[in-house]
Structure formats: C-alpha cells, structure tokens
Amino acid sequence: MHTDQPHLTPELRRRLEHEIPTLTLEIRALYQKLDQKLNLRGALVPITFGFETETLGSYTPGVGGREEEFHFSLLFAGYMDAVKISKEDRTDLFLHEYAHYMQYNMEIPKEHDWKPGKHGSAWKYCCSLIGAAPSEYYRFNKGREKHNYEKALRNPWSDPNAALRDIRRREREYQNSRNSTVRFSVGDTVTHPDFGTGTVTDVTRLESSVRLTIAFADRTRKIDQKWLLRSAYKKPE
Ligand SMILES: [Zn+2]
C-alpha cells in the first residue's frame, strides 16, 4: 500500500529524466509518420521536457524571437505512472500538440477557418487529419476510473478537474503572450476617429499587454495596444 504522496522527490525526478531519450524517440517516430503523411517537418522541431504540474504540453511557434519547440511535462508524458494517464491519453497529448504545430505550418482550407482561436476550427481540422481528440481538454479516463478522492485532493495535478483549470490557465497564458507581443514601434503614426493622427512616442511591454504612449495633436495619451488593434487605428504601410 502506498500512502505517501507521490511528490517530486529527487529520486522520482532522476527516474523521469532518465526516460527523456526514449520518450524523445517515441514522439519523433510518431511525428515522422505524420510528417510523411502531411509533408511537414514537425519531427525536426526540438522537444524539451520539464516537471510542470499545471501544464501538460505546449507547442511554441518560432515567431516573435522565440525558439520553436514542443514541450512536455514528464509528470504526464513520462512512462512512469506519475499521474496515471493511459497510453492512449499520452499519445493524444502528443497528437494534440502536433495539431497546434500543423495550425502554424500548413495551409488551412478556407472552409475550416471560420472559428478563430487556439482551439478553433483550424485546429480541429488539423486534429481530424491525425486522429487527435478535438477537445482542448485532455482526457483522463483511466486516471479518473482509478481515482481515490482523498488522494486526488492531496495531489491536485492528478485530479481531472485540476487539469481543466490548468488548461484554462494555459489559455490565459496564451492570450497574455499574444497581447504582450509588441506590434507598434516608436515613431509609428496612428490614426484614431476621435483623437485624430498621433505618433507613438513610447512602447512599454507589460506582462500581459503593451502600453503605447501616443502624442496626439491635443495631448499625449497612454493606450493599451490591444484597443488599438481592435479599433480604427492603422499602422501605416
Ligand atoms: Zn491545445
């Protein structure tokens, strides 16, 4: 009987790290098959691992100065029963992130481009091509069956409901990083229906937004970039 909490002891950490080479080969083999089918190069994208308890995996496209990579938490992706997810669920985790890769790296037919968003229609279309579950939530079927409620409370990251919360957090992180991608630079001219034409005099990147200081004819205003993008502002070509 195991009554102790499976927290990340140095021993568990060491054993999970030991799985990295085999795991990398397994994911690459899966991605190679998909690459051949789709004429893509996902198997060449670096794969990194961590010990995140709140995110299962991610795909970061190589835009905005960031390194392109797949990243997985060993607690979920590892072979060891750290979180008790089924083999099918693990594979679905890898497919889920590959579908995000596809989203950025292949032509999406117009008829599948009607619902925007990270898990919108384009992503679901990608899922349909590779057999990934078209759900932004990972499924923890087996983990749920075996769950001991007391134990789940002690280990929030093994609780299916915690996974749902964590995906929401991940969505928020995605929104934040999207909102904090700088889209204007000092000297840009912008126009506004009420304030007229102005010049960007300062760009401040905040954690989840970009604050622009804009000198309009009457006075200087500080405006969140996201409102500029949504309103009638235009960055001149
Ligand atoms: Zn996703």
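The values are calculated or read from the model by the stated rules, or taken from the named source; none is laboratory data. Given the structure is predicted, the values throughout are model-derived calculations rather than measurements. So basically every Cβ, Gly included, is an ideal-geometry build from the backbone, and we count neighbours across all protein chains shown. Protein only, heavy atoms only, side chains kept; ligands, DNA and RNA dropped before computing areas. Shrake-Rupley method; radii C 1.70, N 1.55, O 1.52, S 1.80 Å.
The residue that is nearest to residue 68 (Cα to Cα), counting only those in the stretch 92-120 that are more than 14 Å from the ligand (Cβ to nearest atom) and assigned to a helix (DSSP H, G or I), is 105.
Looking across the stretch 19-70, the residues that are over 17 Å from residue 105 (Cα atoms) and under 15 Å from the mean Cα position of the chain (by Cα) come down to 48, 49, 50, 52, 53, 54, 55, 56, 57. Taking the criterion of being open to solvent by less than 30 Å² (accessible area, probe 1.4 Å) and either farther than 24 Å from residue 117 by Cβ or part of a strand (DSSP E or B) (or both), the residues of the stretch 178-195 that qualify are 188, 190. Inside the stretch 121-139, residues that are over 12 Å from residue 34 (Cα atoms) and part of a helix (DSSP H, G or I) make up a count of 6. Taking the stretch 125-135 as the range and being open to solvent by 60 Å² or more (accessible area, probe 1.4 Å) and within 11 Å of the ligand (Cβ to nearest atom) as the test, only 134 passes. So which residues in the stretch 59-85 are in contact with a Lys or Arg (Cβ under 7 Å, 6 or more places away or on another chain) and either modelled with pLDDT of 90 or more or open to solvent by less than 40 Å² (accessible area, probe 1.4 Å) (or both)? Correct list: 60, 77, 85. In the stretch 43-54, the residues that are within 15 Å of residue 98 (Cα to Cα) reach residues that are assigned to a helix (DSSP H, G or I) and open to solvent by 40 Å² or more (accessible area, probe 1.4 Å) with C-beta atoms within less than 6 angstrom, at least six apart or across chains, in these pairs: 43/28; 43/32.
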